[in-house]
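The values are calculated or read from the model by the stated rules, or taken from the named source; none is laboratory data. These numbers were taken from a predicted model, which means no experiment stands behind them. Cβ atoms come from the backbone with ideal geometry, glycine included; neighbour counts cover every protein chain shown. The area values use the complete protein model at the heavy-atom level, side chains included, leaving out ligands, DNA and RNA. Shrake-Rupley method; radii C 1.70, N 1.55, O 1.52, S 1.80 Å.
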Amino acid sequence: IPYQQYIRRPLPSLATFFESKGYVTKAFHPFQSWFWNRQNVYEALGFQQFRSEENMPTMDKRGIFASDDALTRYIIKEADNTEQPFFFFAVTLQGHGPYEENRYARNTVEVDAPTLSDAPTKSLATYTQGVKEADQSLKMLMDWAKKRRRETIIVMFGDHLPPLGEVYTESGYMPNVVATRKASVPTMKREHETPLVVWSSKRGVQKDLGSVSPSQLPHVVVRLAGYRHPYYTGVLGRVGE
């Protein structure tokens, strides 16, 4: 767990790079700041501010977690109140597992899964409803960005396979309820890859990116933003080739 094992002192990051270019840098997560040692980690990574549950306004919830809609609206408000260019890093919470049956009062997506028993079907329905609402929040953010004069780049990705338990085994997607640790490349891609969206308000969706490690994202972001960073992100670009 790199956050807890390796980050013990100030380190260069996208936050420090963009700050050197005159950007405001902030991190957001609508949960407690001690979790995963985020308070100390974001400070070590050079973010000027970290907004957490302790210093953010009370947010509407979907289930027990702050909704994606509320967090997105808060980020937009923070951006609108920022005159300088900004680099924001946000970790959403609504879509986090476990996917209990009654998280949402009403699911608007019908799940037809004849190979699944009752409990996994209900878990999948909860997860699917959350994905739909995450998509709606992303669209709201994109619609806002399109109206800005300055080009705005949005990068969105999932951090791991959702813990859907027996959905995987009963559907035949995976042999176990958790992803395989060591297997062939096709199996590892199938069980470990998550969706990635890289979008510019002026240039649209960046297509054909292929498989991109989170460690390679700084190179993608810096290059798309029109900057050159010949050291760390430059090395990443060479490695990615």
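Within segment 139-154, the set of residues being in contact (Cβ under 8 Å) with a residue 60 or more places away in the chain and either among the hydroxyl-bearing types (Ser, Thr, Tyr) or closer than 22 Å to PHE65 by Cβ (or both) comprises MET140, LEU141. Of the residues examined, ALA179 is one that is within 25 Å of TYR3 (Cα to Cα), surrounded by 15 or more Cβ atoms within 10 Å (Cβ to Cβ) and small (Gly, Ala, Ser). Taking segment 60-74 as the range and being among the aliphatic types (A, V, I, L, M) and either surrounded by fewer than 18 Cβ atoms within 10 Å (Cβ to Cβ) or modelled with pLDDT under 95 (or both) as the test, only ILE64 passes.
Among residues of segment 26-54 that are touching a residue at least 60 places away in the same chain (Cβ under 8 Å) and closer than 21 Å to ASP69 by Cβ, those with a Cβ under 6 angstrom from a residue that is small (Gly, Ala, Ser) and surrounded by fewer than 20 Cβ atoms within 10 Å (Cβ to Cβ), sequence gap 6+ or separate chain, pair up as PHE28/ALA90; HIS29/SER52. The set of residues in segment 63-72 that are of a type outside the set (S, T, N, Q) and either assigned to a loop (DSSP other than H, G, I, E, B) or without any contact (Cβ under 8 Å) to a residue 60 or more places away in the chain (or both) comprises GLY63, ILE64, PHE65, ALA66, ALA70. Is at least one residue of segment 19-40 open to solvent by 30 Å² or more (accessible area, probe 1.4 Å), over 29 Å from MET174 (Cβ atoms) and in contact with a strand residue (DSSP E or B) (Cβ under 7 Å, 6 or more places away or on another chain)? Scanning segment 19-40, I find at least one residue that is open to solvent by 30 Å² or more (accessible area, probe 1.4 Å), over 29 Å from MET174 (Cβ atoms) and in contact with a strand residue (DSSP E or B) (Cβ under 7 Å, 6 or more places away or on another chain), so the answer is yes. Could you go through segment 70-91 and let me know if any residue there is more than 30 Å from GLY226 (Cα to Cα) and out of contact with any strand residue (DSSP E or B) (no Cβ under 7 Å at 6 or more places or on another chain). Yes, there is a match, as at least one residue in segment 70-91 is more than 30 Å from GLY226 (Cα to Cα) and out of contact with any strand residue (DSSP E or B) (no Cβ under 7 Å at 6 or more places or on another chain).
Quick one: in segment 80-121, of everything that is more than 30 Å from ARG148 (Cα to Cα) and in contact with an Asp or Glu (Cβ under 8 Å, 6 or more places away or on another chain), which residue is surrounded by the most Cβ atoms within 10 Å (Cβ to Cβ)? My answer is PRO120.
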